């Protein structure tokens with residue numbers, strides 16, 4: 001790890017923002033494309049230590065119950081114990097990856113704005129100084145932007161409201177009734193866990209569709225095609241569940257189905273001081289509302305560039321922002337999955353080599 005500078009300018013070819021799966025795969029690929037570490041590219045990470053969003057997962061999430069942790073390029077992930085907490089094992093893997101490939105990660109550095117300079121470069125303004133770059137790869141993911149929808153009466157609820165980012169243990173809800181909102185994998189996993197110690201109700205916008213086994217290539221291609229269509233049109237990319245309605249039936253999900261805790265209700269119409277209510281006259285008392293309602297892309301620091309489309313998203317050609325070939329988004333839209341981020345990081349690095357150094361010879365390891 002490179003110490004962060006204080007209030008001084010640093011000039012590089014490429015700044016990568018974020019050191020999660022997307023940022024590390026991009027950094028590895030930039031080195032493979034011949035960019036010099038530290039002088040040719042740098043990775044700015046807002047976290048205090050390696051691991052990205054994995055540093056903040058709840059302690060009960062194990063490697064065996066999470067979605068598969070895909071390998072970063074060049075170094076397989078070989079966990080020794082499926083029961084190991086993901087919050088420990090994955091950050092340790094990321095830390096080893098940074099050391100193995102001597103990646104120039106600078107932390108903790110929080111990027112506050114990216115803007116153009118008078119000479120056609122980009123200024124990356126942070127809380128630890130300003131970097132100037134010929135190109136920027138945004139790899140910030142979504143974890144820092146949890147999404148909570150608005151419902152009438154929400155501010156009047158006398159119980160506790162929290163998002164999955166704030167969840168730590170089912171034990172904190174013992175003896176309380178918990179309403180879990182959301183139709184994704186996090187909602188089903190937390191329901192299966194919380195329902196072992198207290199009563200729960202599950203509400204979703206539409207009925208879930210269970211699928212045995214992992215998504216096959218056909219489903220995967222269809223989902224990616226839908227997301228790619230959205231980003232080509234400048235719309236906000238959707239989630240896998242949002243696009244397909246499919247949920248993978250894992251062992252913990254099947255156990256929850258057998259216990260009857262994954263029988264959903266349609267989402268409520270309003271929130272009352274003591275619970276939730278529907279327009280058909282039904283109501284339900286609740287102590288806790290857990291919002292498992294997903295995330296939005298953490299891209300606010302790109303606002304000075306004025307790259308958003310009227311649809312609210314970024315129009316992309318591959319990882320490039322259309323009209324600005326030196327701004328790339330990795331881990332966004334079709335590359336939001338871990339395996340997608342690996343491929344996108346390499347595509348971005350190749351494109352930047354062609355854009356910035358078309359005559360630069362590739363190193364022997366490329």
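The values are calculated or read from the model by the stated rules, or taken from the named source; none is laboratory data. In this text, all values refer to a predicted model and were calculated from it rather than measured experimentally. Positions of Cβ are generated from backbone atoms using ideal geometry, with glycine treated the same way; all protein chains shown enter the neighbour counts.
Restricted to region 165-189, and to residues there that are touching a helix residue (DSSP H, G or I) at 6+ places or on another chain (Cβ under 7 Å) and part of a helix (DSSP H, G or I), the residue that is nearest to residue 142 (Cα to Cα) is 165. Within the bounds of region 58-73, is there any residue that is closer than 24 Å to residue 325 by Cα, surrounded by 16 or more Cβ atoms within 10 Å (Cβ to Cβ) and touching a strand residue (DSSP E or B) at 6+ places or on another chain (Cβ under 7 Å)? Within region 58-73, none of the residues are closer than 24 Å to residue 325 by Cα, surrounded by 16 or more Cβ atoms within 10 Å (Cβ to Cβ) and touching a strand residue (DSSP E or B) at 6+ places or on another chain (Cβ under 7 Å). So is residue 277 surrounded by 14 or more Cβ atoms within 10 Å (Cβ to Cβ), in contact with a strand residue (DSSP E or B) (Cβ under 7 Å, 6 or more places away or on another chain) and either at pLDDT below 95 or within 25 Å of residue 168 (Cα to Cα) (or both) or not? When the stated conditions are applied, residue 277 does not pass them. Within region 285-307, the set of residues being surrounded by fewer than 21 Cβ atoms within 10 Å (Cβ to Cβ) and in a helix (DSSP H, G or I) comprises 300, 301, 303, 304, 305. Here residue 212 passes the criteria (1) crowded, with 19+ Cβ neighbours inside 10 Å; (2) over 27 Å from residue 332 (Cβ atoms); (3) at pLDDT below 65 except the one numbered (1). For residue 310, are the conditions met, namely being more than 30 Å from residue 175 (Cβ to Cβ), in a strand (DSSP E or B) and either free of Cβ contacts under 8 Å to residues at least 24 places away in the same chain or over 19 Å from the mean Cα position of the chain (by Cα) (or both)? When the stated conditions are applied, residue 310 does not pass them. Return only the number of the condition from (1) part of a strand (DSSP E or B); (2) surrounded by fewer than 18 Cβ atoms within 10 Å (Cβ to Cβ); (3) over 22 Å from the mean Cα position of the chain (by Cα) that residue 83 does not satisfy. Single failed check for residue 83: (1). Checking each residue in region 240-265 for being at pLDDT 65 or above and assigned to a helix (DSSP H, G or I) picks out 251, 252, 253, 254, 255, 256, 257, 258, 259.
In the condition set (1) part of a loop (DSSP other than H, G, I, E, B); (2) surrounded by 21 or more Cβ atoms within 10 Å (Cβ to Cβ), residue 152 is compliant with all but (2). Within region 86-120, if we keep just the residues that are free of Cβ contacts under 8 Å to residues at least 40 places away in the same chain and in a loop (DSSP other than H, G, I, E, B), the residue that is nearest to residue 55 (Cα to Cα) turns out to be 117.
Of the residues making up region 109-121, those that are in contact with a helix residue (DSSP H, G or I) (Cβ under 8 Å, 6 or more places away or on another chain) and buried (at least 22 other Cβ atoms within 10 Å of the Cβ) are 111, 114.
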